[in-house]
Amino acid sequence: MERIRVGNAPVSFGIFEPGFGETRQLPWPRVLDAIAEAGYEGTELGPYGYLPTDPVVLAAELDRRGLALGSSFVPVALGDRDAREAAVAEVLQVGGLLAAMGVPEVILADAGDATRKAQAGRHPQGWTDAQWESAIGTIEAVEEALRQRWGMRVVVHHHVGTYLETPEEVEQLLDRTVPGRVDLLLDTGHYVYGGGDPVDLVRRRGDRVRYVHYKDLDAGRLAEVHREGLDMQAAWRRGVFVPIGQGCVDFPALTGLLRDRGYEGWVIVEQDTVADDTGRLDPDPFLCARQSREALRWMGL
């Protein structure tokens, strides 16, 4: 029988990677405590260095809270050929810790740039053919390095404000990569933000989905974001992402499709939340984490 594990992640508590709204005002023990107390089975690593990087220490901290470790989000400049060597080195650093913890994959993402973040969700100009070739080359180089070093695999995270955002860009990624070596992390909220329907994606390309982020989105607030031309950071502060079950994503249908396909792996709940200028997180991430967990229990997860 399939086994879907439900986790949460530091990003739900305002803990971002540099370039994606980095805020680290909440200490990691408090975040791990909150994830465990809300009833989740695991967490992601968050930005490298947020949680302990000594695998013995990290394993002990997770074990005493009854948590397992999912993967880790690593954004790199995929479209820049000159950045390939640095990208591989960064992924190998994170991959080393994950491999020591028994995690089988690394989450790779494009880092985007100021232009894409400013026009997130509004179909800005994408990569040139040369940049696509560079991106696929970097993804393949990362995959080969991880596979040869630790037998790990790569899942690519499409993300708002990057050059892998729209449904068309996700299709190109899947069409240009080798199944089983490079597969997809489906982020439901980011896919809707980019103009897609995650249920349709799983129905058509579910064989390529190897990791899932459950993220809900308020369609009314997203429409406001588009009308006002807000950038990615402003949209996050507008509260475009909401607890599971309070937005427009059809999670019962999506969960049913994943089960029908025999999906085994993580469903990581995320609710991207950026602190305001005073450092306050609104909505309360602790309450939201509990609300999302309860909604998923109602769906049988």
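The values are calculated or read from the model by the stated rules, or taken from the named source; none is laboratory data. Since this is a predicted model, take the numbers as computed values, not measurements. Here the Cβ is made from the backbone with ideal geometry for all residues, glycine too, and neighbour counts use every protein chain on show.
Data overview
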quantity	calculated
Members of the stretch 195-223 found to be under 16 Å from the mean Cα position of the chain (by Cα), in a helix (DSSP H, G or I) and under 21 Å from Val240 (Cα atoms), listed by number	Pro198
Qualifying positions in the stretch 103-122 - in contact with a strand residue (DSSP E or B) (Cβ under 8 Å, 6 or more places away or on another chain) and not in a strand (DSSP E or B)	Val103, Pro104, Ala111, Gly112
Failed criterion for Tyr40 (all others in (1) hydroxyl-bearing (Ser, Thr, Tyr); (2) in contact with a strand residue (DSSP E or B) (Cβ under 6 Å, 6 or more places away or on another chain); (3) part of a helix (DSSP H, G or I) hold)	(3)
Any hit, the stretch 274-295, residues being touching a strand residue (DSSP E or B) at 6+ places or on another chain (Cβ under 7 Å), β-branched (Val, Ile, Thr) and closer than 21 Å to Trp28 by Cα	no
Tabulated pairs, the stretch 150-167, first of a type in the set (Asp, Glu), second crowded, with 22+ Cβ neighbours inside 10 Å, C-beta under 6 angstrom, 6+ apart or interchain	Glu165/Gly194
Looking only at the stretch 1-45, and only at residues there that are under 24 Å from Lys117 (Cα atoms) and among the hydrophobic types (A, V, I, L, M, F, W, C), the one that is modelled with the lowest pLDDT	Phe20
Number of positions in the stretch 52-105 that are acidic (Asp, Glu) and closer than 29 Å to Arg116 by Cβ	5
Selection from the stretch 75-102 of residues that are aliphatic (A, V, I, L, M), closer than 20 Å to Gly46 by Cβ and part of a loop (DSSP other than H, G, I, E, B)	Met101
All positions within the stretch 52-66 that are part of a loop (DSSP other than H, G, I, E, B) and either charged (D, E, K, R) or touching a residue at least 60 places away in the same chain (Cβ under 8 Å) (or both)	Asp54, Arg64, Arg65
Lone unmet requirement of (1) surrounded by fewer than 17 Cβ atoms within 10 Å (Cβ to Cβ); (2) in a loop (DSSP other than H, G, I, E, B) for Glu171	(2)
Verdict on Thr115 being among the polar types (S, T, N, Q) and more than 18 Å from Asp183 (Cα to Cα)	yes
Residue within the stretch 21-32 that is of a type in the set (Val, Ile, Thr) and over 14 Å from the mean Cα position of the chain (by Cα) present	yes
Unmet requirement for Leu173, which otherwise passes all of (1) among the aliphatic types (A, V, I, L, M); (2) under 24 Å from Arg227 (Cβ atoms); (3) free of Cβ contacts under 8 Å to residues at least 40 places away in the same chain	(2)
Filter pass, Val192 being within 17 Å of the chain's Cα centre (by Cα), at pLDDT 95 or above, in a helix (DSSP H, G or I) and crowded, with 18+ Cβ neighbours inside 10 Å	yes
Scan of the stretch 77-93 for residues that are buried (at least 22 other Cβ atoms within 10 Å of the Cβ) and free of Cβ contacts under 8 Å to residues at least 60 places away in the same chain, ordered by number	Ala87, Val91
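For every residue, the table says whether it meets (1) at pLDDT 95 or above; (2) buried (at least 21 other Cβ atoms within 10 Å of the Cβ); (3) closer than 25 Å to Thr273 by Cβ; (4) within 16 Å of the chain's Cα centre (by Cα).
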| site | (1), (2), (3), (4) |
| --- | --- |
| Arg122 | no, no, yes, no |
| Gln125 | no, no, no, no |
| Gln131 | yes, no, no, no |
| Arg147 | yes, no, no, no |
| Met152 | yes, yes, no, no |
| Tyr163 | yes, yes, yes, yes |
| Leu186 | yes, yes, yes, yes |
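Residue-by-condition table, conditions (1) of a type in the set (S, T, N, Q); (2) closer than 14 Å to Gly14 by Cα; (3) at pLDDT below 95; (4) buried (at least 19 other Cβ atoms within 10 Å of the Cβ):
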| site | (1), (2), (3), (4) |
| --- | --- |
| Met232 | no, no, yes, yes |
| Trp236 | no, yes, yes, yes |
| Glu270 | no, yes, no, yes |
| Val274 | no, yes, yes, yes |
